[in-house]
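First the structure, in the form of structure tokens, and then the observations on it.
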């Protein structure tokens with residue numbers, strides 16, 4: 001399978017990017033993290049029998065950190081669900097940047113997808129909320145033309161702006177409502193985890209990007225919303241299709257499964 005630009009493909013070689021702190025979405029939330037280095041493609045894996053749910057992720061480092069799409073893929077496999085994932089990710093990109101770049105729209109139009117997961121910046125400022133909603137509407141047109149449905153992947157603010165979680169949720173929820181899309185409350189899964197354990201290590205060292213546990217929590221929310229499945233009992237140790245491993249302590253994994261279940265039931269929309 002050919003990689004177009006910085007598009008990351010399920011089954012590509014392991015990606016080790018130095019992730020720096022970014023704020024993006026519009027003025028006051030602009031990204032500073034650079035594009036990911038391109039990696040050589042691996043041989044495309046054999047197709048899984050049956051018709052998989054085909055999911056395209058469009059976002060930035062909050063999507064490609066820890067290979068989030070591949071964590072979703074691995075959780076679906078563990079849950080005996082058939083899924084194919086692919087992604088278009090650039091460091092620091094907003095959805096408007098993706099639209100202007102053209103690679104993401106081309107990826108949507110050139111292949112068959114069932115769901116396109118859209119990820120913007122935290123979007124806590126009024127102007128960046130407007131940008132998120134407008135961008136979601138632009139993408140919705142081509143997503144629908146391709147026969148797919150949009151999903152809005154709610155992220156989280158950086159630690160020093162943790163008081164703005166409600167604003168992040170409201171921005172993404174409004175954008176999902178605008179396009180009758182799936183709303184994935186991954187950021188609320190983090191908050192539900194902290195209510196259970198305030199020391200749950202969900203941020204990485206830069207206090208913005210996710211740790212492995214943070215990405216695992218987000219992937220649980222995404223998987224649960226895409227398939228409407230229970231999260232209890234999913235593995236804490238998973239191998240990704242690119243050969244990497246995600247390890248979460250079993251007790252923490254159980255807590256995160258409970259937290260994502262709570263967030264999805266409380267805030268999620270399918």
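The values are calculated or read from the model by the stated rules, or taken from the named source; none is laboratory data. For clarity, every value in this text was computed on a predicted model and none was experimentally measured. Note that each Cβ is placed from the backbone with ideal geometry, even for glycine, and that neighbours are counted across all protein chains shown.
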| request: Could you tell me whether any residue of region 90-102 is touching a helix residue (DSSP H, G or I) at 6+ places or on another chain (Cβ under 9 Å), farther than 25 Å from residue 248 by Cβ and modelled with pLDDT under 95? | output: no
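Can you find a residue in region 196-209 that is within 25 Å of residue 135 (Cα to Cα) and in contact with a helix residue (DSSP H, G or I) (Cβ under 8 Å, 6 or more places away or on another chain)?
Yes, the conditions are met somewhere in region 196-209.
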| message | Can you tell me which condition residue 155 does not meet? The list is (1) surrounded by fewer than 21 Cβ atoms within 10 Å (Cβ to Cβ); (2) outside any helix (DSSP H, G or I), and all the others hold. | response | (1)
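Considering only residues that are free of Cβ contacts under 8 Å to residues at least 40 places away in the same chain and assigned to a helix (DSSP H, G or I), look in region 102-119 and name the one that is surrounded by the fewest Cβ atoms within 10 Å (Cβ to Cβ).
From region 102-119, those free of Cβ contacts under 8 Å to residues at least 40 places away in the same chain are 102, 105, 109-110; that's our starting set.
This time we only want the ones that are assigned to a helix (DSSP H, G or I), so: 105, 109-110.
On the way: 105: 20, 109: 12, 110: 10.
The residue in question is 110.
Test of understanding: among 247, 270, which residue is over 19 Å from residue 63 (Cβ atoms), surrounded by fewer than 23 Cβ atoms within 10 Å (Cβ to Cβ), touching a strand residue (DSSP E or B) at 6+ places or on another chain (Cβ under 6 Å) and at pLDDT below 95? Before you say what the answer is, go through the steps one by one.
Numbers: 247 fails: at pLDDT below 95.
Answer to the selection: 270.
Going through 136, 186, 175 one at a time, which residue ends up being at negative phi and either out of contact with any strand residue (DSSP E or B) (no Cβ under 8 Å at 6 or more places or on another chain) or in contact (Cβ under 8 Å) with a residue 60 or more places away in the chain (or both)? Write out each step before concluding.
Numbers: 136 fails: either out of contact with any strand residue (DSSP E or B) (no Cβ under 8 Å at 6 or more places or on another chain) or in contact (Cβ under 8 Å) with a residue 60 or more places away in the chain (or both); 175 fails: either out of contact with any strand residue (DSSP E or B) (no Cβ under 8 Å at 6 or more places or on another chain) or in contact (Cβ under 8 Å) with a residue 60 or more places away in the chain (or both).
After ruling out the rest, the residue left standing is 186.
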